[in-house]
Amino acid sequence: MSSREFPERPIVGVGGITIDGIGDEARVLLVRRASEPLKGQWSIPGGAVELGESLQQAVARELMEETGIAVEVGEAIEILDRVLRLPDGRVQYHYILIDYSCRPLGEARDREASDPKPSSDASDARWVARQELGKYGLRPDTLAVIEKAFHAREQGQL
């Protein structure tokens, strides 16, 4: 198994932007990373694609592992590079991330029964109202892709 830190090549990762509700009631599912890279930061749930797994299967698995929320995986929203370098220029982490729109399934649609249960690589998981996103210290590229998903949903594209 190759190391994620100081990899020989980029690692393919997926994220699930799970939006529940519409208008002022809309909320998105976020996790706080429990391990590097970005340990302690809030982000979109997701992780590395495993051998033999489709991108959509990876999204659904990662969301379930990190939050306990089952999702229907929709369209790809964004593809981006995440390259983290040390001060000496060496690449410590390199991911190619593909973020997908997702909708909660089953109990997650019942707001009273939809509390995420963090596990795996997440130290915390929660639904966050769109107007509260600024309080979570999201990376600019993460916030931009979440806003892109909200906008597409409002336009009926997701």
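Quick note: the coordinates plus some simple rules give every number you see, no bench work behind them. On a predicted model such as this, the values are computed, not experimentally measured, just so you know. So basically every Cβ, Gly included, is an ideal-geometry build from the backbone, and we count neighbours across all protein chains shown.
Count the net charge of all other residues whose Cβ sits under 13 Å from the Cβ of residue 131, scoring Lys and Arg as +1 and Asp and Glu as -1. If you can, show how the numbers build up before the last one.
On the way: positive: 27, 130, 135; negative: 24, 25, 132, 147.
Summing Lys/Arg as +1 and Asp/Glu as -1 gives -1.
Output wanted: per-residue J couplings in Hz (rounded whole) for the stretch 127-136, from phi through Karplus 6.51 cos²θ - 1.76 cosθ + 1.60, θ = phi - 60°, x for Gly and Pro.
7, 10, 5, 3, 6, 9, 4, x, 7, 9
Quick one: what are the phi-derived ³J(HN,Hα) couplings along the stretch 68-77, Karplus 6.51/-1.76/1.60 with θ = phi - 60°, whole Hz, x for glycine and proline?
Each residue's phi maps through the Karplus curve to give x, 9, 7, 9, 9, 8, x, 7, 5, 9 Hz.
Taking the Cα centre of each part, how many Å lie between the stretch 1-69 and the stretch 126-141?
16
Report the residue, chosen from 106, 13, 52, that carries the largest GNM mean-square fluctuation when the chain is represented by alpha-carbon nodes joined by springs under 10 Å.
52
Give me the number: length gained by fully extending residue 5 to residue 51, i.e. 0.36 nm times residue separation minus the C-alpha to C-alpha distance, one decimal in nm.
Working: separation 46, 0.36 × 46 = 16.56 nm, distance 1.83 nm.
Length gained between residue 5 and residue 51: 14.7 nm.
Running a GNM on the chain with Cα contacts under 10 Å, which residue among 22, 77, 11 ends up with the highest mean-square fluctuation?
Per the Cα network of the chain with a 10 Å cutoff, 22 tops the list.
Anyone know which of 41, 131, 56 comes out most mobile in the 10 Å Cα GNM of the chain?
131
Determine one quarter of the surface area of the Cα convex hull of the chain, which equals its mean projected area, and express it in nm² to one decimal. Display every interim value, and only then the final one.
On the way: hull surface 37.2 nm².
Averaged projected area of the chain's Cα convex hull equals 9.3 nm².
By how many degrees, between 0 and 90 and to the nearest 10, does the Cα long axis of helix 140-154 differ from the longest principal axis of the chain?
30
Given the Cα-Cα distance of residue 25 and residue 151 and 0.36 nm per residue of separation, how much length would full extension add, in nm?
Working: separation 126, 0.36 × 126 = 45.36 nm, distance 1.43 nm.
The span from residue 25 to residue 151 would gain 43.9 nm if fully extended.
Taking the stretch 78-149, which GluC sites (Glu not before Pro) meet the DSSP loop condition and have no more than 12 other C-beta atoms within 10 Å? Walk me through the numbers on the way to the answer.
On the way: sites: 78, 107, 112, 132, 147; in loops: none.
Taking the stretch 78-149 and a limit of 12 other Cβ atoms within 10 Å, no loop GluC sites (Glu not before Pro) are found.
Only Cα pairs under 8 Å and at least 6 apart count here; give the relative contact order of the stretch 11-154 as a rounded whole percent. Walk me through the numbers on the way to the answer.
Values: 293 pairs, mean separation 46.2, N = 144.
Relative contact order, the stretch 11-154: 32 percent.
Enumerate the amide H contacts of residue 12 below 5 Å, restricted to partners 5 or more residues apart or on another chain; note that Pro and chain-start residues carry no placed amide H.
49, 96
Which value, in debye to the nearest 20, describes the size of the charge dipole of the chain about its Cα centre when Lys and Arg Cβ atoms bear +1, Asp and Glu Cβ atoms bear -1, and nothing else is charged? Present the calculation step by step, with values, prior to reporting the outcome.
Numbers: 20 positive and 27 negative charges, 79 e Å.
Rounded to the nearest 20 debye, it is 380 debye.
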